[in-house]
Amino acid sequence: MNVVLIGFMGTGKSTIGRGLAKRLALTHVDLDELIVQQSGCSIPEIFARSGELGFRQRETACLKAAMARSGVLSTGGGTAVQAANRAVLMAAKTPVVWLTATPETVLKRIGDDPNRPLGRPDQLATLLAERTQAYQAVADLIIHTDDETPVTLIDQIAFWLTAQQQTQA
Ligand SMILES: Nc1ncnc2c1ncn2[C@@H]1O[C@H](COP(=O)(O)OP(=O)(O)O)[C@@H](O)[C@H]1O
Ligand SMILES: O=C(O)C1=C[C@@H](OP(=O)(O)O)[C@@H](O)[C@H](O)C1
Ligand SMILES: [Mg+2]
């Protein structure tokens with residue numbers, strides 16, 4: 001992968017990843033979509049049939065497959081929380097961008113979405129606090145999304161990636 005987006009549910013990983021890939025003329029891979037494709041069932045169905053553990057096993061397998069490809073990868077909100085997945089990300093030396101948002105923003109954006117089994121409104125703030133350190137541990141760039149439009153966020157990330165490439169050239 002050329003760049004990986006991590007962060008909590010509703011921070012815009014899927015939206016920004018799709019737009020960033022278009023901007024950079026790269027392929028976009030959404031890890032959740034890959035899991036659904038490979039499993040032949042939806043995320044809530046995977047959670048219902050195989051539990052969170054079953055979902056996490058599929059997620060790690062798909063992450064490894066995705067990291068072997070080029071493009072922009074939008075992870076799921078729990079991907080970088082698993083130590084094994086953080087090891088995969090760090091080994092790849094791909095730039096990792098952490099998108100942040102407050103629990104209030106997340107709630108406004110995702111509400112009580114049945115497609116996000118771990119997105120229970122009354123649990124969001126606690127889950128976000130528990131996960132923050134894990135995101136921080138692998139982030140090369142932190143982008144606060146609360147007051148920015150997707151287009152502005154894509155501009156910021158594209159600018160940073162270009163600067164990174166120039167430093168390395
Ligand atoms: N910067 C933003 N400002 C306003 N709404 C946003 C922003 N980023 C994403 N959204 C909206 O929030 C919702 C969740 O975005 P999504 O890309 O699915 O997040 P994630 O993949 O991180 O869970 C979508 O309805 C999307 O249109
Ligand atoms: O935070 C999580 O544990 C999850 C986030 C979801 O992705 P988004 O962050 O794209 O909603 C999806 O991977 C699954 O429902 C689990
Ligand atoms: Mg997503």
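Please treat every number below as a calculation from the coordinates, not as lab data. A quick note: this is a predicted structure, and the numbers were derived from the prediction, not measured. When we count neighbours, we look across all protein chains shown, and the Cβ atoms used for this are built from the backbone with ideal geometry, even at glycine.
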Please report, in whole Å, how far the alpha carbons of the chain spread along each principal axis, starting with the longest.
48, 34, 27
For Lys64, list the lysines whose Cα falls under 29 Å from its own Cα; do not include residues on the same chain fewer than 8 positions away.
Lys13, Lys22, Lys93
Applying a 10 Å radius around every beta-carbon, put 2-8, 92-98, 150-156 in order of their mean neighbour count, most first.
2-8, 92-98, 150-156
Could you list the residues of segment 1-17 with an amide nitrogen less than 15 Å from a label point located 7 Å from the Cα of Ala158 in the Cα-to-C-beta direction?
16-17
Computed, not fitted: 222 nm per-residue ellipticity of the chain from DSSP H runs ≥ 4 (each -39500 (n - 2.57)), nearest 500, equal to -18500 deg cm²/dmol
Write down, largest first, the equivalent ellipsoid semi-axes of segment 1-99 in whole Å, where each equals the square root of 5 times an eigenvalue of the alpha-carbon gyration tensor.
21, 15, 12
Based on DSSP H assignment, which helices of the chain show an axial Cα extent of at least 20 Å together with a mean Kyte-Doolittle hydropathy greater than or equal to -1.0?
43-67, 124-138, 150-168
Additional length obtainable on full extension of the chain from Ala125 to Thr149, 0.36 nm per residue less Cα span
6.4 nm
By the C-alpha gyration tensor axes a ≥ b ≥ c (rounded if a/c is under 1.5, else prolate when a/b exceeds b/c, else oblate), the shape of segment 61-152 is prolate
